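Asks: Below is a structure I'd like to ask you about.
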Amino acid sequence: MSMKLGIIGGGQLAWMMKDAADKLGVELIVQTPSPNDPAVSIAQHSIFAAVDDAAATEILATKCDIVTFENEFVNLAALSLLEKQGVCFHPQLAALAPLLDKYEQRCYLRDLGLPVPQFLALSGEKKLESQIENLGFPVVLKARRHGYDGQGTFIIPDFATLSKIVNQTHSQFLVEEFVPFTKELAIIAARSVNGEIVIYPAVETLQKEQVCRWVIAPAQITQEQSLQIEAIAHKLLTSLQYIGVCGIELFLTAQGKILINEIAPRTHNSGHFSLDACETSQFEQHLRAVCGLPLGNTRLYCASAVMVNLLGYENSHCDYQKQRQQLANIPQATVHWYGKTEARPGRKLGHITVLLDQDQTNGVEDIIHKIESIWYPQ
Ligand code: ADP
(Lines give C-alpha, C1' and ligand atoms only; values in the text may rest on other atoms or scores of the structure.)
Protein backbone atom coordinates (compact mmCIF):
# COMPACT_ATOMS: atom_id res chain seq x y z
CA MET A 1 0.00 0.00 0.00
CA SER A 2 1.36 3.43 -0.85
CA MET A 3 2.43 5.93 1.80
CA LYS A 4 0.00 8.85 2.22
CA LEU A 5 1.63 12.20 2.94
CA GLY A 6 -0.31 15.25 4.09
CA ILE A 7 1.20 18.61 3.17
CA ILE A 8 0.28 21.83 4.94
CA GLY A 9 0.40 24.33 2.08
CA GLY A 10 -0.35 23.78 -1.61
CA GLY A 11 1.83 26.30 -3.42
CA GLN A 12 4.58 25.63 -5.92
CA LEU A 13 6.81 23.93 -3.36
CA ALA A 14 4.20 21.19 -2.91
CA TRP A 15 3.47 21.17 -6.66
CA MET A 16 7.13 20.39 -7.41
CA MET A 17 6.90 17.20 -5.31
CA LYS A 18 4.74 15.53 -7.97
CA ASP A 19 7.38 13.65 -9.98
CA ALA A 20 9.13 12.44 -6.86
CA ALA A 21 5.83 11.35 -5.31
CA ASP A 22 4.98 9.35 -8.46
CA LYS A 23 8.45 7.80 -8.49
CA LEU A 24 8.36 6.82 -4.82
CA GLY A 25 4.69 5.80 -4.81
CA VAL A 26 3.68 8.47 -2.28
CA GLU A 27 0.12 9.85 -2.33
CA LEU A 28 -0.10 13.58 -1.64
CA ILE A 29 -2.97 15.23 0.21
CA VAL A 30 -2.77 19.01 0.61
CA GLN A 31 -4.27 21.56 2.98
CA THR A 32 -4.36 24.85 1.11
CA PRO A 33 -6.66 27.87 1.00
CA SER A 34 -7.78 27.94 -2.63
CA PRO A 35 -8.77 25.45 -5.36
CA ASN A 36 -6.55 27.56 -7.66
CA ASP A 37 -3.38 26.81 -5.67
CA PRO A 38 -0.73 25.01 -7.74
CA ALA A 39 -0.57 21.71 -5.83
CA VAL A 40 -4.32 21.07 -5.98
CA SER A 41 -3.84 19.79 -9.54
CA ILE A 42 -1.31 17.15 -8.48
CA ALA A 43 -2.77 16.09 -5.12
CA GLN A 44 -4.93 12.98 -4.76
CA HIS A 45 -7.08 14.96 -2.37
CA SER A 46 -7.23 18.58 -1.15
CA ILE A 47 -8.66 20.20 1.94
CA PHE A 48 -9.42 23.86 1.33
CA ALA A 49 -8.42 25.73 4.46
CA ALA A 50 -5.82 28.23 5.61
CA VAL A 51 -2.47 26.71 6.60
CA ASP A 52 -2.95 27.85 10.21
CA ASP A 53 -6.35 26.14 10.49
CA ALA A 54 -5.51 23.32 12.90
CA ALA A 55 -9.05 21.91 12.74
CA ALA A 56 -8.45 21.34 9.02
CA THR A 57 -5.08 19.72 9.83
CA GLU A 58 -6.90 17.36 12.19
CA ILE A 59 -8.99 16.23 9.21
CA LEU A 60 -5.89 16.07 7.00
CA ALA A 61 -4.22 13.84 9.58
CA THR A 62 -7.08 11.30 9.40
CA LYS A 63 -6.35 10.88 5.69
CA CYS A 64 -2.59 10.37 5.80
CA ASP A 65 0.27 8.61 7.59
CA ILE A 66 2.54 11.62 8.07
CA VAL A 67 2.00 15.38 7.89
CA THR A 68 4.70 17.68 6.53
CA PHE A 69 4.98 21.37 5.67
CA GLU A 70 5.56 23.47 2.59
CA ASN A 71 4.63 26.59 4.55
CA GLU A 72 5.62 27.34 8.12
CA PHE A 73 2.98 29.95 8.95
CA VAL A 74 1.14 27.43 11.10
CA ASN A 75 -0.43 27.59 14.54
CA LEU A 76 2.12 25.57 16.46
CA ALA A 77 0.25 25.58 19.78
CA ALA A 78 -2.87 24.12 18.15
CA LEU A 79 -0.85 21.55 16.19
CA SER A 80 0.89 20.45 19.40
CA LEU A 81 -2.43 19.11 20.69
CA LEU A 82 -2.69 16.97 17.56
CA GLU A 83 0.89 15.75 17.97
CA LYS A 84 0.08 14.75 21.57
CA GLN A 85 -2.90 12.78 20.24
CA GLY A 86 -0.53 10.82 18.00
CA VAL A 87 -0.40 12.74 14.71
CA CYS A 88 3.04 12.24 13.17
CA PHE A 89 4.59 15.51 11.96
CA HIS A 90 7.87 15.48 10.02
CA PRO A 91 9.74 17.63 10.86
CA GLN A 92 8.46 17.21 14.41
CA LEU A 93 6.97 20.33 15.97
CA ALA A 94 9.86 20.58 18.45
CA ALA A 95 12.20 21.15 15.48
CA LEU A 96 9.97 23.92 14.11
CA ALA A 97 9.38 25.64 17.45
CA PRO A 98 12.65 27.63 17.63
CA LEU A 99 12.46 28.66 13.97
CA LEU A 100 9.06 30.25 13.39
CA ASP A 101 9.73 33.56 15.13
CA LYS A 102 12.72 35.35 13.58
CA TYR A 103 13.95 36.63 16.93
CA GLU A 104 13.70 33.22 18.61
CA GLN A 105 15.41 31.70 15.57
CA ARG A 106 18.34 34.14 15.92
CA CYS A 107 18.59 33.34 19.66
CA TYR A 108 18.61 29.59 18.95
CA LEU A 109 21.39 29.94 16.35
CA ARG A 110 23.45 32.23 18.60
CA ASP A 111 23.06 29.85 21.56
CA LEU A 112 24.30 26.99 19.36
CA GLY A 113 27.42 29.06 18.67
CA LEU A 114 26.52 29.65 15.00
CA PRO A 115 27.42 33.00 13.38
CA VAL A 116 24.55 35.51 13.06
CA PRO A 117 24.37 39.29 12.58
CA GLN A 118 24.03 41.41 15.75
CA PHE A 119 20.35 41.54 16.65
CA LEU A 120 17.79 42.41 19.30
CA ALA A 121 14.03 42.28 19.83
CA LEU A 122 12.35 45.66 20.09
CA SER A 123 10.55 46.16 23.34
CA GLY A 124 7.66 48.59 23.77
CA GLU A 125 8.82 49.26 27.32
CA LYS A 126 12.16 50.91 26.53
CA LYS A 127 13.08 54.02 24.58
CA LEU A 128 13.66 53.11 20.93
CA GLU A 129 16.84 55.20 20.69
CA SER A 130 18.56 53.47 23.57
CA GLN A 131 17.66 50.00 22.24
CA ILE A 132 19.35 50.45 18.90
CA GLU A 133 22.29 52.64 19.90
CA ASN A 134 24.86 49.85 19.38
CA LEU A 135 23.77 49.03 15.83
CA GLY A 136 24.18 52.29 13.86
CA PHE A 137 22.30 52.99 10.59
CA PRO A 138 21.22 51.49 8.30
CA VAL A 139 19.52 48.79 10.37
CA VAL A 140 17.27 45.99 9.20
CA LEU A 141 13.82 45.74 10.76
CA LYS A 142 11.98 42.44 10.44
CA ALA A 143 8.51 41.39 11.50
CA ARG A 144 9.14 38.49 13.86
CA ARG A 145 6.57 36.27 12.19
CA HIS A 146 5.02 35.64 8.77
CA GLY A 147 7.66 37.45 6.67
CA TYR A 148 8.42 36.06 3.23
CA ASP A 149 9.94 37.40 0.00
CA GLY A 150 10.89 40.57 1.87
CA GLN A 151 7.33 41.22 3.13
CA GLY A 152 7.90 42.43 6.66
CA THR A 153 11.63 43.19 6.10
CA PHE A 154 12.68 46.85 5.91
CA ILE A 155 16.11 48.33 5.39
CA ILE A 156 15.99 51.49 7.48
CA PRO A 157 18.26 54.41 6.68
CA ASP A 158 17.65 56.59 9.74
CA PHE A 159 15.96 56.94 13.10
CA ALA A 160 12.94 58.92 11.81
CA THR A 161 12.01 56.13 9.38
CA LEU A 162 12.50 53.51 12.06
CA SER A 163 10.25 55.17 14.60
CA LYS A 164 7.59 55.89 11.96
CA ILE A 165 7.34 52.22 10.93
CA VAL A 166 7.51 50.90 14.48
CA ASN A 167 4.81 53.30 15.64
CA GLN A 168 2.51 52.71 12.67
CA THR A 169 2.70 48.94 12.68
CA HIS A 170 1.47 46.67 15.41
CA SER A 171 3.81 43.76 14.61
CA GLN A 172 6.56 42.63 16.94
CA PHE A 173 9.96 43.37 15.46
CA LEU A 174 13.49 42.07 15.35
CA VAL A 175 16.16 44.68 14.57
CA GLU A 176 19.58 43.74 13.31
CA GLU A 177 22.74 45.20 11.90
CA PHE A 178 22.78 45.77 8.15
CA VAL A 179 25.34 43.33 6.74
CA PRO A 180 27.20 44.82 3.74
CA PHE A 181 27.56 41.39 2.16
CA THR A 182 29.52 40.70 -1.01
CA LYS A 183 27.38 37.67 -1.84
CA GLU A 184 24.26 35.97 -0.57
CA LEU A 185 24.60 32.21 -0.32
CA ALA A 186 22.26 29.37 0.48
CA ILE A 187 22.44 25.68 1.17
CA ILE A 188 19.89 22.90 1.18
CA ALA A 189 20.36 20.09 3.67
CA ALA A 190 18.25 17.08 4.57
CA ARG A 191 18.17 14.81 7.61
CA SER A 192 16.48 11.43 7.68
CA VAL A 193 14.47 9.76 10.43
CA ASN A 194 17.59 7.89 11.56
CA GLY A 195 19.87 10.92 11.58
CA GLU A 196 21.60 10.61 8.20
CA ILE A 197 22.41 14.06 6.76
CA VAL A 198 23.01 14.98 3.11
CA ILE A 199 23.92 18.43 1.84
CA TYR A 200 23.67 20.02 -1.63
CA PRO A 201 26.43 22.23 -3.01
CA ALA A 202 26.22 25.79 -1.64
CA VAL A 203 24.74 28.25 -4.14
CA GLU A 204 24.93 31.97 -4.74
CA THR A 205 21.60 33.80 -4.75
CA LEU A 206 20.69 37.29 -5.83
CA GLN A 207 17.76 39.16 -4.31
CA LYS A 208 16.31 42.32 -5.82
CA GLU A 209 13.91 44.23 -3.63
CA GLN A 210 14.36 41.31 -1.24
CA VAL A 211 12.92 38.76 -3.69
CA CYS A 212 15.16 36.05 -5.16
CA ARG A 213 15.90 36.74 -8.85
CA TRP A 214 18.45 34.03 -9.62
CA VAL A 215 20.59 31.26 -8.17
CA ILE A 216 23.93 29.90 -9.41
CA ALA A 217 25.04 26.42 -8.39
CA PRO A 218 27.67 25.89 -7.18
CA ALA A 219 28.67 29.19 -5.52
CA GLN A 220 32.15 30.45 -6.33
CA ILE A 221 33.52 30.36 -2.78
CA THR A 222 36.60 28.84 -1.18
CA GLN A 223 36.66 25.23 -0.08
CA GLU A 224 37.05 26.42 3.49
CA GLN A 225 33.87 28.50 3.19
CA SER A 226 31.99 25.52 1.71
CA LEU A 227 33.13 23.34 4.58
CA GLN A 228 32.14 25.98 7.10
CA ILE A 229 28.65 26.21 5.60
CA GLU A 230 28.30 22.43 5.59
CA ALA A 231 29.37 22.35 9.23
CA ILE A 232 26.67 24.92 10.04
CA ALA A 233 24.03 22.76 8.34
CA HIS A 234 25.22 19.63 10.18
CA LYS A 235 25.22 21.28 13.57
CA LEU A 236 21.81 22.87 13.08
CA LEU A 237 19.97 19.81 11.73
CA THR A 238 21.52 17.55 14.35
CA SER A 239 20.69 19.92 17.17
CA LEU A 240 17.07 20.26 16.01
CA GLN A 241 16.79 16.50 15.37
CA TYR A 242 15.31 17.78 12.15
CA ILE A 243 13.55 15.45 9.71
CA GLY A 244 13.16 16.64 6.11
CA VAL A 245 14.69 19.29 3.88
CA CYS A 246 15.74 22.63 5.24
CA GLY A 247 17.04 25.76 3.46
CA ILE A 248 19.70 27.96 5.07
CA GLU A 249 20.30 31.50 3.75
CA LEU A 250 23.66 33.10 4.47
CA PHE A 251 25.71 36.24 3.92
CA LEU A 252 29.35 36.30 2.82
CA THR A 253 31.15 39.46 3.94
CA ALA A 254 34.08 41.26 2.31
CA GLN A 255 36.30 39.76 5.04
CA GLY A 256 35.23 36.25 3.95
CA LYS A 257 33.05 35.77 7.03
CA ILE A 258 29.87 33.68 6.84
CA LEU A 259 26.77 34.80 8.77
CA ILE A 260 23.41 33.03 8.80
CA ASN A 261 20.50 35.14 7.59
CA GLU A 262 17.56 32.79 7.84
CA ILE A 263 16.46 29.17 8.19
CA ALA A 264 13.51 27.93 6.13
CA PRO A 265 12.17 24.66 7.57
CA ARG A 266 11.07 23.26 4.20
CA THR A 267 12.17 23.03 0.59
CA HIS A 268 13.47 26.37 -0.63
CA ASN A 269 13.67 28.51 -3.77
CA SER A 270 17.48 28.32 -3.69
CA GLY A 271 17.24 24.54 -4.21
CA HIS A 272 15.05 24.53 -7.33
CA PHE A 273 18.12 23.93 -9.54
CA SER A 274 18.24 20.41 -8.07
CA LEU A 275 15.12 19.39 -10.05
CA ASP A 276 17.12 19.48 -13.28
CA ALA A 277 20.75 19.51 -12.16
CA CYS A 278 20.98 16.79 -9.48
CA GLU A 279 20.35 13.08 -9.28
CA THR A 280 17.94 13.64 -6.37
CA SER A 281 15.95 16.86 -6.33
CA GLN A 282 15.30 18.64 -3.04
CA PHE A 283 11.64 17.64 -3.43
CA GLU A 284 12.46 13.92 -3.77
CA GLN A 285 14.91 14.31 -0.88
CA HIS A 286 12.21 15.80 1.31
CA LEU A 287 9.80 12.95 0.53
CA ARG A 288 12.56 10.42 1.18
CA ALA A 289 13.44 12.01 4.50
CA VAL A 290 9.92 12.42 5.86
CA CYS A 291 8.74 9.00 4.64
CA GLY A 292 11.67 7.18 6.27
CA LEU A 293 13.39 6.19 2.99
CA PRO A 294 17.17 6.26 2.45
CA LEU A 295 18.38 9.68 1.30
CA GLY A 296 19.56 10.25 -2.29
CA ASN A 297 22.71 11.59 -3.95
CA THR A 298 23.02 15.41 -3.94
CA ARG A 299 25.75 15.69 -6.57
CA LEU A 300 25.40 18.09 -9.53
CA TYR A 301 25.18 16.31 -12.91
CA CYS A 302 26.72 19.25 -14.72
CA ALA A 303 29.57 21.74 -14.19
CA SER A 304 27.07 24.34 -13.00
CA ALA A 305 23.46 25.38 -13.25
CA VAL A 306 21.62 28.66 -13.20
CA MET A 307 18.02 29.07 -12.02
CA VAL A 308 16.11 32.26 -12.76
CA ASN A 309 12.74 33.00 -11.15
CA LEU A 310 9.96 34.13 -13.49
CA LEU A 311 8.39 36.84 -11.35
CA GLY A 312 5.13 38.59 -12.15
CA TYR A 313 5.54 42.18 -13.31
CA GLU A 314 1.86 43.17 -13.79
CA ASN A 315 -1.65 42.22 -12.67
CA SER A 316 -2.87 39.81 -15.32
CA HIS A 317 -4.54 36.49 -16.13
CA CYS A 318 -2.14 35.90 -19.04
CA ASP A 319 -0.40 32.51 -19.28
CA TYR A 320 2.67 34.01 -21.03
CA GLN A 321 2.81 31.16 -23.58
CA LYS A 322 4.96 33.10 -26.03
CA GLN A 323 7.67 34.02 -23.52
CA ARG A 324 7.64 30.52 -22.08
CA GLN A 325 8.21 29.04 -25.51
CA GLN A 326 11.10 31.40 -26.21
CA LEU A 327 12.66 30.51 -22.87
CA ALA A 328 12.23 26.78 -23.53
CA ASN A 329 14.23 27.21 -26.75
CA ILE A 330 17.37 28.18 -24.80
CA PRO A 331 19.78 25.21 -25.06
CA GLN A 332 19.81 22.92 -21.96
CA ALA A 333 16.93 24.87 -20.42
CA THR A 334 13.85 23.58 -18.59
CA VAL A 335 10.94 25.89 -17.81
CA HIS A 336 8.81 25.09 -14.75
CA TRP A 337 5.48 26.91 -14.88
CA TYR A 338 3.44 26.75 -11.68
CA GLY A 339 0.04 27.18 -13.32
CA LYS A 340 -1.08 30.11 -11.15
CA THR A 341 -4.23 31.68 -12.53
CA GLU A 342 -3.27 35.22 -11.65
CA ALA A 343 -0.03 37.18 -12.11
CA ARG A 344 0.87 39.99 -9.71
CA PRO A 345 4.04 42.06 -9.47
CA GLY A 346 6.72 40.07 -7.61
CA ARG A 347 4.67 36.85 -7.54
CA LYS A 348 6.64 33.70 -8.35
CA LEU A 349 4.95 32.32 -11.49
CA GLY A 350 7.60 29.84 -12.56
CA HIS A 351 11.32 29.37 -12.97
CA ILE A 352 13.82 28.27 -15.57
CA THR A 353 16.96 26.22 -15.05
CA VAL A 354 19.82 26.12 -17.55
CA LEU A 355 22.54 23.49 -17.22
CA LEU A 356 26.04 24.57 -18.15
CA ASP A 357 29.13 22.67 -19.31
CA GLN A 358 32.58 23.49 -17.97
CA ASP A 359 33.40 25.79 -20.89
CA GLN A 360 30.16 27.78 -20.43
CA THR A 361 30.54 28.69 -16.77
CA ASN A 362 31.94 32.13 -17.60
CA GLY A 363 28.80 32.91 -19.58
CA VAL A 364 26.35 32.72 -16.66
CA GLU A 365 25.69 36.45 -16.60
CA ASP A 366 24.89 36.45 -20.32
CA ILE A 367 22.40 33.64 -19.81
CA ILE A 368 20.68 35.44 -16.92
CA HIS A 369 20.54 38.58 -19.04
CA LYS A 370 19.05 36.67 -21.98
CA ILE A 371 16.39 35.04 -19.79
CA GLU A 372 15.43 38.30 -18.11
CA SER A 373 15.28 40.15 -21.43
CA ILE A 374 12.90 37.51 -22.83
CA TRP A 375 10.78 37.44 -19.68
CA TYR A 376 10.50 41.07 -18.59
CA PRO A 377 9.01 43.65 -20.98
CA GLN A 378 11.72 45.97 -22.32
P1 ADP B 1 12.26 37.05 4.07
O2 ADP B 1 12.02 36.09 5.18
O3 ADP B 1 11.12 37.94 3.79
O4 ADP B 1 12.84 36.39 2.83
P5 ADP B 1 14.91 37.89 4.78
O6 ADP B 1 15.26 38.05 6.20
O7 ADP B 1 15.42 36.66 4.11
O8 ADP B 1 13.36 38.06 4.61
O9 ADP B 1 15.43 39.17 3.97
C10 ADP B 1 15.22 39.32 2.59
C11 ADP B 1 16.44 39.95 1.97
O12 ADP B 1 16.73 41.21 2.62
C13 ADP B 1 17.73 39.14 2.14
O14 ADP B 1 17.85 38.15 1.15
C15 ADP B 1 18.78 40.24 1.98
O16 ADP B 1 18.97 40.58 0.62
C17 ADP B 1 18.13 41.41 2.70
N18 ADP B 1 18.53 41.39 4.13
C19 ADP B 1 17.93 40.76 5.14
N20 ADP B 1 18.57 40.94 6.31
C21 ADP B 1 19.65 41.70 6.04
C22 ADP B 1 20.73 42.23 6.81
N23 ADP B 1 20.81 42.03 8.13
N24 ADP B 1 21.67 42.97 6.17
C25 ADP B 1 21.59 43.21 4.83
N26 ADP B 1 20.60 42.76 4.06
C27 ADP B 1 19.63 41.99 4.63
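Asks: Of all residues in segment 33-49 being in a helix (DSSP H, G or I) and either open to solvent by 30 Å² or more (accessible area, probe 1.4 Å) or touching a strand residue (DSSP E or B) at 6+ places or on another chain (Cβ under 6 Å) (or both), which is farthest from Trp337 (Cα to Cα)? First the steps, then the outcome.
Replies: Initially, segment 33-49 is screened for residues in a helix (DSSP H, G or I), giving 38-41.
Going one step further and asking which of them are either open to solvent by 30 Å² or more (accessible area, probe 1.4 Å) or touching a strand residue (DSSP E or B) at 6+ places or on another chain (Cβ under 6 Å) (or both), we end up with 39-41.
Details: Ala39: 12, Val40: 14, Ser41: 13 Å.
In this case the residue turns out to be Val40.
Asks: Out of the residues in segment 160-171 that are hydrophobic (A, V, I, L, M, F, W, C) and either within 12 Å of the ligand (Cβ to nearest atom) or open to solvent by 10 Å² or more (accessible area, probe 1.4 Å) (or both), state the one that is nearest to Glu104 (Cα to Cα).
Replies: As a first pass, look at segment 160-171 and keep what is hydrophobic (A, V, I, L, M, F, W, C): 160, 162, 165-166.
Now drop any that are not either within 12 Å of the ligand (Cβ to nearest atom) or open to solvent by 10 Å² or more (accessible area, probe 1.4 Å) (or both), which leaves 160, 165-166.
Working: Ala160: 27, Ile165: 21, Val166: 19 Å.
Of everything passing the filter in segment 160-171, Val166 is nearest to Glu104 (Cα to Cα).
Asks: Among the residues of segment 203-235, what is the count of those that are touching a residue at least 40 places away in the same chain (Cβ under 8 Å), under 16 Å from the mean Cα position of the chain (by Cα) and under 20 Å from Phe273 (Cβ atoms)?
Replies: 11
Asks: Quick one: how many residues across segment 251-276 are in contact with a His (Cβ under 8 Å, 6 or more places away or on another chain) and open to solvent by less than 10 Å² (accessible area, probe 1.4 Å)?
Replies: The number of residues fulfilling the criteria is 2.
Asks: Separate question: Between Val74, Val67, Val87, which is open to solvent by 20 Å² or more (accessible area, probe 1.4 Å) and among the β-branched types (Val, Ile, Thr)? Break it down into steps so the answer makes sense when it comes.
Replies: On the way: Val74 fails: open to solvent by 20 Å² or more (accessible area, probe 1.4 Å); Val67 fails: open to solvent by 20 Å² or more (accessible area, probe 1.4 Å).
Matching residue, one of Val74, Val67, Val87: Val87.
Asks: Consider Leu81 against the criteria (1) surrounded by fewer than 21 Cβ atoms within 10 Å (Cβ to Cβ); (2) within 21 Å of the chain's Cα centre (by Cα); (3) not polar (S, T, N, Q): it satisfies all of them except one. Which criterion is unmet?
Replies: (2)
Asks: What are the residue pairs meeting all of these: first residue in segment 140-157, first residue within 6 Å of the ligand (Cβ to nearest atom), second residue open to solvent by less than 80 Å² (accessible area, probe 1.4 Å) and aromatic (Phe, Trp, Tyr), Cβ atoms under 6 Å, and 6 or more apart or on different chains?
Replies: Correct list of pairs: Val140/Phe178.
Asks: Would you point out which residue out of Leu206, Leu174 is within 11 Å of the ligand (Cβ to nearest atom) and either open to solvent by 30 Å² or more (accessible area, probe 1.4 Å) or touching a His at 6+ places or on another chain (Cβ under 7 Å) (or both)? Working first, answer last.
Replies: Working: Leu174 fails: either open to solvent by 30 Å² or more (accessible area, probe 1.4 Å) or touching a His at 6+ places or on another chain (Cβ under 7 Å) (or both).
After applying the criteria, what remains is Leu206.
Asks: Turning to a different aspect of this structure: When segment 177-206 is examined, which residues are found to be within 20 Å of Lys142 (Cβ to Cβ) and in contact with a Lys or Arg (Cβ under 7 Å, 6 or more places away or on another chain)?
Replies: Residues of segment 177-206 that are within 20 Å of Lys142 (Cβ to Cβ), as a first pass: 177-181, 184-186, 205-206.
Leu206, the sole residue that qualifies.
Asks: I'd like the full set of residues that are assigned to a loop (DSSP other than H, G, I, E, B) and open to solvent by 60 Å² or more (accessible area, probe 1.4 Å), limited to segment 348-378. Step through it out loud before you land on a result.
Replies: Pass one, segment 348-378, residues assigned to a loop (DSSP other than H, G, I, E, B): 357, 376-378.
Within segment 348-378, Asp357, Pro377, Gln378 meet the criteria.
Asks: I'd like to verify a number: residues in segment 277-286 that are surrounded by fewer than 24 Cβ atoms within 10 Å (Cβ to Cβ) and in a helix (DSSP H, G or I), how many? Full working, then the answer.
Replies: Going residue by residue through segment 277-286, those that are surrounded by fewer than 24 Cβ atoms within 10 Å (Cβ to Cβ) are 279-280.
Then keep just the ones that are in a helix (DSSP H, G or I); that gives none.
Selection size over segment 277-286: 0.
Asks: Another one. Looking at segment 138-159, which of the residues that are more than 22 Å from Pro345 (Cβ to Cβ) and in contact with a strand residue (DSSP E or B) (Cβ under 7 Å, 6 or more places away or on another chain) is most open to solvent (accessible area, probe 1.4 Å)?
Replies: Restricting attention to segment 138-159, the residues satisfying the condition of being more than 22 Å from Pro345 (Cβ to Cβ) are 138-141, 144-145, 156-159.
Then drop every residue that is not in contact with a strand residue (DSSP E or B) (Cβ under 7 Å, 6 or more places away or on another chain), which leaves 138-141, 144, 156.
Working: Pro138: 53, Val139: 0, Val140: 12, Leu141: 0, Arg144: 32, Ile156: 1 Å².
In this case the residue turns out to be Pro138.
Asks: In segment 301-321, which residue that is more than 20 Å from Ile374 (Cβ to Cβ) and surrounded by fewer than 18 Cβ atoms within 10 Å (Cβ to Cβ) is modelled with the lowest pLDDT?
Replies: Only one residue tops the list, namely Tyr301.
Asks: I've got another one for you. Which members of segment 180-197 meet the condition of being open to solvent by 30 Å² or more (accessible area, probe 1.4 Å), hydrophobic (A, V, I, L, M, F, W, C) and within 16 Å of the ligand (Cβ to nearest atom)?
Replies: If the condition is that a residue be open to solvent by 30 Å² or more (accessible area, probe 1.4 Å), hydrophobic (A, V, I, L, M, F, W, C) and within 16 Å of the ligand (Cβ to nearest atom), then Phe181 is the only one that fits.
Asks: Another one. Which condition from (1) open to solvent by 40 Å² or more (accessible area, probe 1.4 Å); (2) in a helix (DSSP H, G or I) is the one that Arg106 breaks?
Replies: (1)
The values are calculated or read from the model by the stated rules, or taken from the named source; none is laboratory data. The shown structure was predicted, so the numbers you read here are calculated from the model rather than taken from an experiment. Note that we place each Cβ from the backbone using ideal geometry, even for glycine, and neighbour counts take in every protein chain shown. Areas reflect the complete protein model, heavy atoms only, side chains present, ligands, DNA and RNA absent. Shrake-Rupley method; radii C 1.70, N 1.55, O 1.52, S 1.80 Å.
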